[in-house]
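Written out below as structure tokens is the structure these notes cover.
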Amino acid sequence: MSDRTLSPNEVKEMILSICDKIIASEAELSEADRKLGDGDHGLGMQRGFTAAKAQIEALDPKSVGEVFSTTGMALMASMGGASGAVMGMLYQSGGTALNDCEALDAPALSKFLDAARDGVCNLGGAKPGDKTMVDALAGAQEAGQASVGRSLSEAFTAVAAGATDGMEKTKAMIATMGRAKTLGEKSIGHPDPGALSVSIMFNTMNEYVN
Amino acid sequence: MKKLLNDPNQAAAELIDGLVDYYNGSVTKVGPGAIALTEIASDKVALLVGGGTGHEPIYHGLIGPGMADGAACGDIFAAPPPNVILDATRAVNKGQGVLFLYGNYAGDVMNFKIAAQLAAAEGIRVETVLIWDDVASAPPSDKEGRRGIAGLIPIVKLAGAAADKAKDLGELVSLVTLARDNTRSVGVALSPGSIPATGMPTFELDEDSIGIGMGIHGEQGVGVEKMMTAGALADKLVDLILADDLPIGSGDEVLVLINSLGSTTMMECLIVLKRVKAILTEKDIKIYDVLLGPLVTCQEMAGLSISFTKLDDTLKSLWDTPCSSLGYTKL
């Protein structure tokens, strides 16, 4: 297993499994958003990943990056809202970093996560600790960086755990960004819905690979 | 909740088509979610507004002569995507550049930011003025942390007049910034609206409670209090605005907007207006003009907001010009 890599077509299958998982998680994500926002996060994600699914199904990918970037552009164009911009930017900036990559291995996964984190943070200005999706993304990115020398399946397991851990940490945080920030201390106890989405995405990737 | 819909997930797309039908030829759909005046003067500095749908008549119902040239519409309660904003930008740009004017919400800011980069890459000059009139959403020292609410109505009207007379984009930015900086609002929520696609309420509030300063999507304000009379509420809301950092006092002239958030009736708005007028008269603050009605809404949300725009001679001359749109018309 240690030398396993994912081809562009396998990354395509992996993304399609994320699409199905997110579409099926609509109620859970919307419920999480009702605690902190206006309750529409699940619907936006469902719309975005339905559009991404259609585009990815039709794609004959030449590189790993193309699959991720196409996903990002589809999310951005179809979702709108804060989540469309940040979720789209995650895949689009991460994918751009892998434009020439034909086999996803642990170092390439780390490169994807570094670029994704930079892209999202530059756009929205959020930092870890602000109770946003960046907490889950940063957890994934740091785990990816620490797993560069390991097998791809080990790296995905660590990245999924990092994302889950980052999402779990948002429960104890006070929101400082977006609509949830006006809740102040009332935001404590609930996970950020965007972080929950990011955690679901990386855990679905791990399930696909392992 | 009885709501007249076809496919609830198509509500935004269908209302945009209906809006274009309302304008009966004077507004054209230039892309999914992107609409613009059919005829725009060839040398005009353009004004583009936008935001989520579900808050009608804003923002897309503010297109018209003397108002906005175009609008980028998102899904229900969600910011428009960058490609929609870019479609609208291309349609309104007449070579003099485009001002993006919209409410300060994270989703809108990010999507308009990406769109501004895409437009710049095509050689279209874009500037941005964010609307942040809600005094209950952050302290005066943190304007960038404030939300945009109903004060956008007078601001877009003033901006529309400014766009007709501005010689360039820079002049438009300074006039619109003046209008924005002279506008303050605060709202109260009595009961939530619902999300059309799910029927779920946008927030929860006890039967006998009201949310002072609560945002139009139910964002928390300055506090939840027991239900009170219209007069007591008007006193409280006007106090919050006058306690802010914009000095409004004896001899000043203001525009007053009493905005219904959806189901609060004109009767209630008028009863509140009577008290607001009495408070201002007592303080020797003159009302230059009054706007009243459901202009910035959140479906059947109950509640209202009060906005003041303090006018100087520049803003008065912009206010006095005629305009027409679905949302606001001035003869």
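Summed over the range B:83-129, residues that are away from every other protein chain (no Cβ under 14 Å) and within 18 Å of the chain's Cα centre (by Cα) total 5. Restricted to the range B:199-218, and to residues that are facing chain A (nearest Cβ under 10 Å) and free of Cβ contacts under 8 Å to residues at least 24 places away in the same chain, which residue is least open to solvent (accessible area, probe 1.4 Å)? The extreme case among them is B:PHE203. Considering the conditions (1) open to solvent by 30 Å² or more (accessible area, probe 1.4 Å); (2) within 14 Å of another protein chain (Cβ to nearest Cβ), A:ALA52 is excluded by exactly one of them, (1).
All conditions in (1) within 12 Å of chain A (Cβ to nearest Cβ); (2) over 25 Å from B:MET67 (Cβ atoms); (3) crowded, with 24+ Cβ neighbours inside 10 Å hold for B:ALA189, with the sole exception of (1). In the range A:15-32, the qualifying residues are those that are under 25 Å from A:THR176 (Cβ atoms) and more than 10 Å from chain B (Cβ to nearest Cβ), and the one that is surrounded by the fewest Cβ atoms within 10 Å (Cβ to Cβ) is A:GLU28. Pick out the one residue from A:LEU75, A:LEU98, A:LEU43 that is within 14 Å of another protein chain (Cβ to nearest Cβ) and either open to solvent by less than 10 Å² (accessible area, probe 1.4 Å) or in a loop (DSSP other than H, G, I, E, B) (or both). Within the list A:LEU75, A:LEU98, A:LEU43, the selection yields A:LEU75.
The rows are residues; the columns are (1) within 14 Å of chain B (Cβ to nearest Cβ); (2) under 16 Å from the mean Cα position of the chain (by Cα); (3) not in a helix (DSSP H, G or I).
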position	(1), (2), (3)
A:ALA115	no, yes, no
A:GLU142	no, yes, no
A:PHE156	no, yes, no
A:GLU168	no, yes, no
A:MET177	yes, no, yes
A:ALA180	yes, no, no
A:GLY184	yes, no, no
A:ASN203	no, yes, no
A:TYR208	no, yes, no
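The values are calculated or read from the model by the stated rules, or taken from the named source; none is laboratory data. All figures in this text were calculated on a predicted structure; none of them were measured in a lab. As a convention, Cβ positions derive from the backbone with ideal geometry for all residues, glycine included, and neighbour counts pool all protein chains shown. Areas reflect the complete protein model, heavy atoms only, side chains present, ligands, DNA and RNA absent. Shrake-Rupley method; radii C 1.70, N 1.55, O 1.52, S 1.80 Å.
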